[in-house]
Structures are given as C-alpha cells and as structure tokens.
1. Looking at this model, which pairs from Lys26/Lys245; Lys305/Lys325; Lys84/Lys180; Lys252/Lys323; Lys26/Lys115 are more than 20 angstrom apart at the alpha-carbon?
2. Taking only Cα atoms, what is the 0 to 90° angle, nearest 10, from helix 155-166's long axis to the longest principal axis of the chain?
3. Between region 157-213 and region 259-296, what's the alpha-carbon centroid distance in Å?
4. Give the Cα extents of region 17-182 along the principal axes, in whole Å, largest first.
5. Please determine, in degrees from 0 to 90 and to the nearest 10, the orientation of helix 269-280 with respect to the longest principal axis defined by the Cα atoms of the chain, where the helix direction is its Cα long axis.
6. Step by step: find N for region 232-291, compute 2.2 N^0.38 Å, then divide the Cα radius of gyration by it. What's the final number?
7. Name the most mobile residue of Gly289, Gly169, Gly228, meaning the one with the largest mean-square fluctuation, in a Gaussian network model of the chain with Cα contacts below 10 Å.
8. Suppose the chain between Ala253 and Gln64 were pulled fully straight at 0.36 nm per residue; how much longer would it get relative to their current alpha carbon spacing?
Amino acid sequence: MDAHTNTSDFRSGTLDMVPTRDGYGKGIVDAGERDERIVVLCADLTESTRSHWFAERFPHRFIQIGVAEQNLAVVASGLAAAGKIPFIASYATFSPGRNNEQIRTNICLNNVPVKIVGAHAGISVGPDGATHQALEDIALMRVVPNMTVVVPCDANEARRATIAIAQNGVPSYLRLGREKTPVITTPDAPFEIGKAVTLREGSDVAIIACGALVYEALMAADALSRDGIECTVLNNHTIKPMDEKAVCAAAKACGAVVTAEEHQIAGGMGSAVAEVLARSYPVPIEFIGIRDRFGESGSPAELMKAFGLTTPAIEEAVRSVLKRKR
C-alpha cells in the first residue's frame, strides 16, 4: 500500500469507522468557505445527508425544498444557470432515482454545474429495505451525457471528492453511504477526478473496486497473499470519466480482473471496466455486486454477507478467475 493509506491501522484492525456521508458534510463546509457561489439544497433530509453542517454555517446559502425531488433538481439548474454552484442532497433512491428526468433534461442537457449528492446508497442502508436501497444509481448516472460519477471509498476521500467536484464546472454525481465504514486513506491523500489509485501491487489478479468494497478488496488481497496469490488493488473512485490507462495497466500486469461494487452488476462500475477492457485489452473478468435483484431489510452486515459483497466472496472470485487466466 502507498504512503497515503492507513497501512499500519489496516494490518492491526484499528481503523476508524466513519460513514462517507460525514466526509461530504465536512467537505461541503470546506468548499463553501472557499467559494461563496456554492449553495446547498435539500429535500427534507438535511441531517441524514449531513447537509445540516452547511446550513448551520451558511444559513443564507441553504434552501430547504421539502419532499419534492423533481423541484430540487429544477431549482438547482436555474441557480446554476445564474452562476451558482448548487449541491442537491437526498437519498439516492429519490435523487437520482425519482428525479432522473429532471437531472437529464434540466441539468445535463444544459450542462450546468449542479452536484447531485446521493446518500444512503447501496444495500448497507440495512433495515430501510428495498424501497430505500439504491442499487441502480451508478448505471442511471453514468449513461447520461456530461455527467461525472464519483464513488469515494471512505470518509476522507468523500471530503476530498466533494471539494473536487465543487471546482470541476460540470454536472456531477457523488454516491455516499449511511453505514460506518473503515477509513483507509489519510486526510492528505491526493484525490483527482478520473485518476484511480493503486493501493496494492501484485501480478496474479487485479481487483478493481469502488466505495465500501475497496476495503473488502484489500482484506481479500491480504488473505490471498498468505496463500501465495498476489493481487493488485485499484481504488477506482471515478466511474466516469474512468481512468482507462490505470484499468488497462492493471489488466496487463495481472492478466485477470475482479471488479467489486455495492451496486447492480448490470450497468455499474464493473460493466464500465468491462467496456474499457473489451475495447483495449480483453482478459478474464469476474464481477462482485448485486445480481439482478432488489434489496431487503436486515442489518448492514447481514445484507452484505447475504448479497456476496464481503471479503470471502472476493477471495472466491479471485480463485475462480485465476482458473480462466491464460
């Protein structure tokens, strides 16, 4: 692992546990301090999305839209056209789930710099159940022209990603989780949109992961190493624009790939990786993700295990893809 990863804490199992939504909450305050054009709009989920920290610091730059996600997107598009940099925050099932048409037409078609913050994404929302578990949001956002899609691996990266998308001048989607997850990067680790980060190098299989599955990928690589299987682990935090150079380099170095994400396999990060490799450097691939089903209620840990999104599942996928490696 590189100098910007909490290597010693990872090895000892003493990592801090913080939800990525907290990183956004801190990052948006930092971004707001730097640029007075930044405004935040929320759909009646201010505390849940951690937008309340911005509202407390900049009450005159915060707008409570209420339970009206379509209006959330449309009002933000107007503010962006007038020179503001709006962040709109809600649960990912509602934004971009419910207001996808307004995001497509009012924001992306006009190419205005609205930032969509999709909180409580993935299966790890837990007891909220299928209606509140956004498992299709990456697919929705990555196919829309002009949209940037970022899925940070931990709270530190979420903070840096928030600051970065505030400055990129284009429509952007930031995917966040509610469950506390390990903080595996340091506060000063570099972050660049469209630039994947190699956290571990190996020559047998490349594990390309995003979000909470980056930690699981590191755990799997550590366990496999004890059996003589050395894996590259790539934190592929930007789904669009994807770091095609890094993805192809990992595939060339290892000759086989496993992708891992807390999202439907169809249309997600793994699909995007497969598209890149099919065009540039085809290798055997296995996919870790949700397999064409809706979520269900349960504890986050139970659901991650039941849906095959844990370290043992990644280990199994690595062993499987190795058998297909030429």
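Nothing in this text is a laboratory measurement; each read-out follows from the coordinates by a stated rule. Predicted, not measured: the structure shown is a model, and the values here were computed from it. Every residue, glycine among them, receives a Cβ derived from its backbone with ideal geometry; neighbour counts consider all protein chains shown.
1. Checking Cα-Cα distances, Lys26/Lys245; Lys305/Lys325; Lys84/Lys180 exceed 20 Å.
2. 50
3. 18
4. The principal-axis extents, from largest down, are 40, 31, 26 Å.
5. Tilt of helix 269-280: around 60 degrees.
6. 1.00
7. Gly228
8. Values: separation 189, 0.36 × 189 = 68.04 nm, distance 4.94 nm.
63.1 nm is the gain from fully extending Ala253 to Gln64.
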